[in-house]
């Protein structure tokens with residue numbers, strides 16, 4: 001009798017545990033897959049579309065000890081042809097004072113829809129990426145990040161004030177025709193958030209590099225709209241796929257109207 005009761009209890013217990021585990025897994029998977037639905041900014045961008053998570057990847061550290069500068073890479077593995085290409089990627093930090101991090105625009109001349117940058121994260125949260133193609137396809141993914149120290153207040157040593165608005169670029173001297181080549185850019189700038197107090201206790205006004213544009217022989221192939229969630233000294237790694245040798249030009253514009261420019265030649269052969 002006791003054995004029969006024990007057997008029945010064990011079977012019932014196993015079924016309950018299995019059902020609970022399956023429900024928890026389904027809930028967790030649903031929460032991960034639809035993180036963008038809980039963020040107004042991302043939901044408005046997506047609209048009525050049903051985004052796919054296939055082909056889009058978001059890479060951040062699982063744990064960051066310093067939220068003021070967290071490396072992020074986003075990649076959309078899709079064609080970059082005149083007929084079908086990734087048109088834009090949008091990044092959001094769900095629990096930052098302002099969720100927008102950056103928006104990137106591409107043309108087929110970029111060759112790859114891949115960007116690396118550094119972001120500010122105010123606390124542990126979910127980072128979201130949404131991408132659109134020229135044919136109207138929408139992709140979305142997310143990544144949870146644990147932050148040890150808030151990135152809302154930048155340190156005084158994160159940039160050199162004497163060299164403010166000084167840009168740096170690095171491009172390969174030579175590449176094969178139509179092959180994506182990596183471009184690295186950085187500009188010395190505090191990306192003042194408008195949330196930090198100065199020495200006298202008053203809040204310093206927001207002052208950020210708002211936009212960036214890269215052109216090849218006068219034709220734009222990569223643009224970025226930046227927000228205060230981007231880290232100080234805005235760093236961008238992206239690609240260009242030239243068909244012939246040409247001149248690359250880069251332009252950074254601060255929200256005050258100040259502009260910084262740089263250029264570099266790239267050879268194809």
Distance between segment 78-148 and segment 231-269 - C-alpha centres, whole angstrom: 19 Å
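State the Kirkwood hydrodynamic radius of segment 33-268 in Å, one decimal place, computed from all pairs of distinct Cα atoms.
Details: mean 1/r = 0.0548 Å⁻¹.
One over the average 1/r among Cα pairs gives 18.3 Å for segment 33-268.
Coordinate-derived values only; no laboratory data. From a predicted model like this one, the values you see are computed outputs, not experimental measurements.
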